[in-house]
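K.L.:
Below: one structure in structure tokens.
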Amino acid sequence: QGDWSSDVCSSDLLRVDLKAASRQLEQALISARDFAWQQQQTSWGDIFQKGLDSLRNPAASADSPLLKSCLPYGDDYPIAARQLLVAAGTAWVFGGMGSWNDLELESPAEQSRYEAVSAALYSAIADAIQAATGSIACERT
């Protein structure tokens, strides 16, 4: 039968790049934070800043309850994956009443910018979660 992890890790489809996912998330968080602060949406900007702090500082993510609930074998994942997952979870602002995606801005130009920032953020968070949770098998080979 063989070692399944060798087969998985040799697949380009499942290969993860934690550094690329981290850069993508960092750029999206900076854009979202700056936009939120420019729109006087300070509480949202502060959430995005906390996500950045988790991404940039291993100590900020070390004791996060997200690790225990999302990565039950968290110590088996690289530190970069744990930071990425905590940052993504911290910055998750989508869904539910009163969430980030419920904002309506008066200016059509600002609304369009908000939608672009939000789409980039959502994509970066989804990619970060996929990269973080998929990193365990390939890191062990």
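K.L.:
Find out how many positive minus negative residues lie around ARG56, taking Lys and Arg as positive, Asp and Glu as negative, among other residues whose Cβ is under 14 Å from that of ARG56.
P.N.:
Values: positive: LYS19, ARG23, ARG33, LYS50, ARG82; negative: GLU26, ASP53.
Net of charged neighbours comes to +3.
K.L.:
Given the peptides 118-126, 87-95, arrange them by the average over their residues of other C-beta atoms within 10 Å, most packed first.
P.N.:
Highest mean packing first, the order is 87-95, 118-126.
K.L.:
Further question: Give me the number: length gained by fully extending GLN111 to SER123, i.e. 0.36 nm times residue separation minus the C-alpha to C-alpha distance, one decimal in nm.
P.N.:
2.5 nm
K.L.:
Taking the simple approach of a point 7 Å from Cα along Cα-to-Cβ for both ASP102 and ALA59, what is their distance in nm?
P.N.:
Roughly 3.6 nm, to one decimal.
K.L.:
Show me the GluC sites (Glu not before Pro) within the stretch 90-127 that DSSP assigns to loop and that have at most 13 other Cβ atoms within 10 Å of their Cβ.
P.N.:
GLU104, GLU106
Just so you know, all these numbers are worked out from the coordinates, no wet-lab data involved. Every value quoted in this text rests on a predicted model; they were computed, and no experiment measured them. All Cβ positions, glycine included, derive from the backbone under ideal geometry; neighbour counts span all protein chains shown.
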